[in-house]
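Asks: Before anything else, here's the structure in question.
The values are calculated or read from the model by the stated rules, or taken from the named source; none is laboratory data. The shown structure was predicted, so the numbers you read here are calculated from the model rather than taken from an experiment. Here the Cβ positions follow ideal geometry from the backbone for every residue, glycine too, while neighbour counts run over all protein chains shown.
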Amino acid sequence: MGRPVGEAGLALIKQFEGCRLTAYRAVPTEKYWTIGWGHYGPDVEENQTISQAEADRLLLADCQRFADAVDDPKNCPPTEELNDNQRDALISFTFNCGVGRLKTLCKGRGLPEIRDAMALYNRGGGKKLPGLVRRRAAEQALFDTPVSGQTADNAPAPAHREGVAWCVEHGILTGDADGDLMLTQPVTRQQLCTMLYRFAKLADMV
């Protein structure tokens, strides 16, 4: 068994899934029935009922399955760069949207682009659904939330070590007052402009 979902991710999933102890179909055209905390699949039968303890057990098992998917670089190439809150946000996304959409979301994107693209997955039956809009916004908010007590974010993933070292050495990438480079945090447009300006000065372009 891999690393479980964090408390923040579990709370977010519970908030949006809700718990129903009798099988139901959220959408009439769905192939399978749903029960408990959004547990969906061929093992759920019409008119089936379960206890709260069973619903909680199914939730943890489902969360582990989707946590393992997020931790797999085949599904999420920058998985090693995720902090705990970013990981939890993607676990919630995958719980709701599936592993296939996780792969599509992460393919060819860095963390800031992944965070922004999450908002695109807000439709059902060809229509924008308010519940999905709220869920994506909550996942993005969690993605953006710094991890309490987290140590300095100064360890780049192996594929990025050389580039990060060069940028730090030449003053293009600098940390905060505590020396935290915040390597896995999203970059704002104004921060990007500052880094491009530093590079331009280094290259005698300005």
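Asks: Which residue out of 200, 138 is part of a helix (DSSP H, G or I), surrounded by 14 or more Cβ atoms within 10 Å (Cβ to Cβ) and among the small types (Gly, Ala, Ser)?
Replies: 138
Asks: Could you say which residue among 155, 141 is modelled with pLDDT of 80 or more and either of a type outside the set (Phe, Trp, Tyr) or under 19 Å from the mean Cα position of the chain (by Cα) (or both)? Before the answer, list the steps.
Replies: Working: 155 fails: modelled with pLDDT of 80 or more.
From the options 155, 141, the qualifying one is 141.
Asks: Here is a follow-up. Hey, can you tell me all the residues within the range 141-162 that are surrounded by 11 or more Cβ atoms within 10 Å (Cβ to Cβ) and polar (S, T, N, Q)? Break it down into steps so the answer makes sense when it comes.
Replies: Kept after step one, since they are surrounded by 11 or more Cβ atoms within 10 Å (Cβ to Cβ), are these residues of the range 141-162: 141-147, 150, 152-157, 159-161.
Matches in the range 141-162: 145, 150, 154.
Asks: Take residues that are in contact (Cβ under 8 Å) with a residue 12 or more places away in the chain and farther than 25 Å from residue 142 by Cα and tell me which of the helices (runs of 4 or more DSSP H) falling wholly in the range 1-99 contain 1 or more.
Replies: On the way: elements: 7-17, 52-71, 84-97.
Answer list for the range 1-99: 52-71.
Yes/no per residue for (1) farther than 16 Å from residue 144 by Cβ; (2) among the hydrophobic types (A, V, I, L, M, F, W, C); (3) touching a helix residue (DSSP H, G or I) at 6+ places or on another chain (Cβ under 7 Å):
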site	(1), (2), (3)
58	yes, yes, no
61	yes, yes, no
66	yes, yes, yes
77	yes, no, yes
84	no, no, no
89	no, yes, yes
106	yes, yes, yes
115	no, no, yes
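Asks: When both residues are 6+ apart or on different chains and their Cβ atoms are under 6 Å apart, which pairs have a first residue that lies in the range 112-124 and is assigned by TED's automatic domain parsing to the domain that holds residue 70 and in contact (Cβ under 8 Å) with a residue 40 or more places away in the chain, and a second that is among the aromatic types (Phe, Trp, Tyr) and outside any strand (DSSP E or B)?
Replies: 115/143
Asks: Just to verify a result, which residue in the range 111-135, among those that are assigned to a loop (DSSP other than H, G, I, E, B) and loosely packed, with under 14 Cβ neighbours inside 10 Å, is modelled with the highest pLDDT? I'd like the intermediate steps shown before the answer.
Replies: Here is the first cut: in the range 111-135, the ones assigned to a loop (DSSP other than H, G, I, E, B) are 121-122, 125-126, 129.
Adding the requirement that they be loosely packed, with under 14 Cβ neighbours inside 10 Å leaves 125-126, 129.
On the way: 125: 80, 126: 84, 129: 92.
Filtering the range 111-135 for residues that are assigned to a loop (DSSP other than H, G, I, E, B) and loosely packed, with under 14 Cβ neighbours inside 10 Å, the one modelled with the highest pLDDT comes out as 129.
Asks: Looking at (1) modelled with pLDDT of 95 or more; (2) surrounded by 13 or more Cβ atoms within 10 Å (Cβ to Cβ), which is the one condition that is false for residue 73?
Replies: Residue 73 satisfies every listed condition except (2).
Asks: Given the structure, is residue 134 without any contact (Cβ under 8 Å) to a residue 12 or more places away in the chain and of a type in the set (D, E, K, R)? Break it down stepwise before answering.
Replies: Details: without any contact (Cβ under 8 Å) to a residue 12 or more places away in the chain: no; of a type in the set (D, E, K, R): yes.
When the stated conditions are applied, residue 134 does not pass them.
Asks: Sticking with this one: Of the conditions (1) loosely packed, with under 13 Cβ neighbours inside 10 Å; (2) not assigned by TED's automatic domain parsing to the domain that holds residue 181, residue 57 clears all except one; give me its number.
Replies: (1)
Asks: In the range 163-197, how many residues are part of a helix (DSSP H, G or I) and surrounded by 10 or more Cβ atoms within 10 Å (Cβ to Cβ)?
Replies: Total meeting the criteria: 13.
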